[in-house]
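The values are calculated or read from the model by the stated rules, or taken from the named source; none is laboratory data. All figures in this text were calculated on a predicted structure; none of them were measured in a lab. Backbone-built Cβ (ideal geometry, glycine too); neighbour counts: all protein chains shown. SASA here: full protein model, heavy atoms, side chains in, ligands and nucleic acids out. Shrake-Rupley method; radii C 1.70, N 1.55, O 1.52, S 1.80 Å.
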Amino acid sequence: MRALVTGAAGFIGSHLGERLLAHGCDVRGVDNFSPYYDRVQKEANLAVLAGDQPPSSVNGSLLTTAERTPSGSRAASGSASFEFVERDLRTDPLDELTEGVDVVFHLAGQPGVRLSWADGFDQYDSNNILATQRLLEAFRDRSIDRFVLASSSSLYGDAERYPTLETDLPRPRSPYGVTKLAAEYLCRTYADNWSVPSVILRYFTVYGPRQRPDMAFNRLIAAGLGGPPFPLYGDGDQVREFTFVGDIVEATIAAGEAPIDEVPAGEVFNASGGSSVRLRDAIELAGDLLEREIALDRQPVAPGDALRTGGSIEKAQRLLRWKPSVDLAEGMAAQIAWQRAAATG
Ligand SMILES: NC(=O)c1ccc[n+]([C@@H]2O[C@H](COP(=O)([O-])OP(=O)(O)OC[C@H]3O[C@@H](n4cnc5c(N)ncnc54)[C@H](O)[C@@H]3O)[C@@H](O)[C@H]2O)c1
């Protein structure tokens, strides 16, 4: 199988690419190294995929010893090959990316809620909506097995109930959530009109090694390791369903492999991690694991932040045969190990 992974240099995309290669899939990665965070971190993520570095805790690999190749070389892992193409999905020609592809994993996008207001919206509009439309258009007349979209729990906003079902009314609280909802509808539109075999995963707050530097756990752990105090928006009573990146990768691959007679084009699934906790409890856990108190920088509630997220995974369990397996303490310990190793070089 040949997979196209968009956003391959990013946090989740790099783990997905690594896991697909370990499964023996050929991977074509694409990314434009968007300036949202440091290119150096994205290049380090890619180096593992390219086989330039053996997987290790320094670069945040989740692969077990048995899954690693002796030299880190991709050629050594059987027939699986990796190629990387630097392209901007908004503007560059995309035809050559489609060549020989069986499954598309579309993870490229502009993440994060807080910058999606005011002038920042341009980036969300173009990277989440236009880029998705152009990619769907490029695959419209190609015969592919699956087109998986990385969507977000952000589109639920303050949901009508918890755990939230995929059929509950989306009421995004942020422009980011609106762009993800639009991307979902594009996938459905191309499924209905052109039979593009899309499947949509709504990721719930993903954490683990290689997490983006703007995300809460990264900042929390950085604070505990001696960095700037953790910016706490509101009183810490927000509840989040945190999902470990290894579990998200397994859900994403399960979606990519789902037979079309069991999971028709356009289906939506929650990918939520089973660790539903208050932010203040997560702060305490980080302090316990790091054996130090985390300094806080108290800030007002940020516009766009939902009070609570929590998704039902009944549908994903039933149709994708997926459920998360890593609990918060275990997953946070893995992220701490990665950040500690990265901080000490
Ligand atoms: N991390 C989470 O908790 C979370 C939760 C819900 C949804 N998501 C979604 O999952 C996806 C991956 O998130 P992540 O946390 O790994 O983010 P990330 O920023 O680490 O990865 C996204 C990658 O996409 C690339 N990219 C952006 N615009 C592009 C373009 N126009 N052309 C080519 N490449 C482009 C970026 O350079 C980046 O490397 C995103 O679509 C995000 O919205 C993430």
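Return a yes/no flag: does the stretch 194-208 have any residue that is part of a helix (DSSP H, G or I) and either away from the ligand (no atom under 16 Å from the Cβ) or surrounded by fewer than 20 Cβ atoms within 10 Å (Cβ to Cβ) (or both). For the stretch 194-208, residues part of a helix (DSSP H, G or I) and either away from the ligand (no atom under 16 Å from the Cβ) or surrounded by fewer than 20 Cβ atoms within 10 Å (Cβ to Cβ) (or both): present.
Step by step: first the residues of the stretch 152-169, then only those that are more than 10 Å from the ligand (Cβ to nearest atom) and under 14 Å from Phe269 (Cβ atoms), then the one that is surrounded by the fewest Cβ atoms within 10 Å (Cβ to Cβ). Which residue is that? Restricting to residues being more than 10 Å from the ligand (Cβ to nearest atom) and under 14 Å from Phe269 (Cβ atoms), the top hit is Thr167. In the stretch 116-134, the condition of being under 21 Å from Leu320 (Cβ atoms), of a type outside the set (Phe, Trp, Tyr) and either more than 10 Å from the ligand (Cβ to nearest atom) or open to solvent by less than 60 Å² (accessible area, probe 1.4 Å) (or both) is met by no residue.
A Cβ distance below 7 Å, combined with a sequence gap of six or more or placement on separate chains, defines the contacts here; from the stretch 318-345, residues that are on the phi > 0 side of the Ramachandran plot reach residues that are in a helix (DSSP H, G or I) and surrounded by 17 or more Cβ atoms within 10 Å (Cβ to Cβ) in the pairs Arg321/Ala254. Under the condition of being closer than 18 Å to Val58 by Cβ, within 17 Å of the chain's Cα centre (by Cα) and of a type in the set (A, V, I, L, M), the residues counted in the stretch 1-43 number 1.
Just one residue in the set Ala191, Ala251 is within 16 Å of the ligand (Cβ to nearest atom) and in a helix (DSSP H, G or I); that residue is Ala251.
Here is the figure for the stretch 254-277: residues that are at pLDDT 95 or above, part of a strand (DSSP E or B) and open to solvent by 20 Å² or more (accessible area, probe 1.4 Å) total 1. Residues that are touching a Phe, Trp or Tyr at 6+ places or on another chain (Cβ under 6 Å), surrounded by fewer than 21 Cβ atoms within 10 Å (Cβ to Cβ) and part of a helix (DSSP H, G or I) within the stretch 301-327 comprise just one, Lys315. The set of residues in the stretch 170-188 being more than 12 Å from the ligand (Cβ to nearest atom), closer than 14 Å to Val268 by Cα and in contact (Cβ under 8 Å) with a residue 60 or more places away in the chain consists of Cys187, Arg188. Does Arg173 fit the bill of being at pLDDT below 95 and either of a type outside the set (Val, Ile, Thr) or in a helix (DSSP H, G or I) (or both)? Yes.
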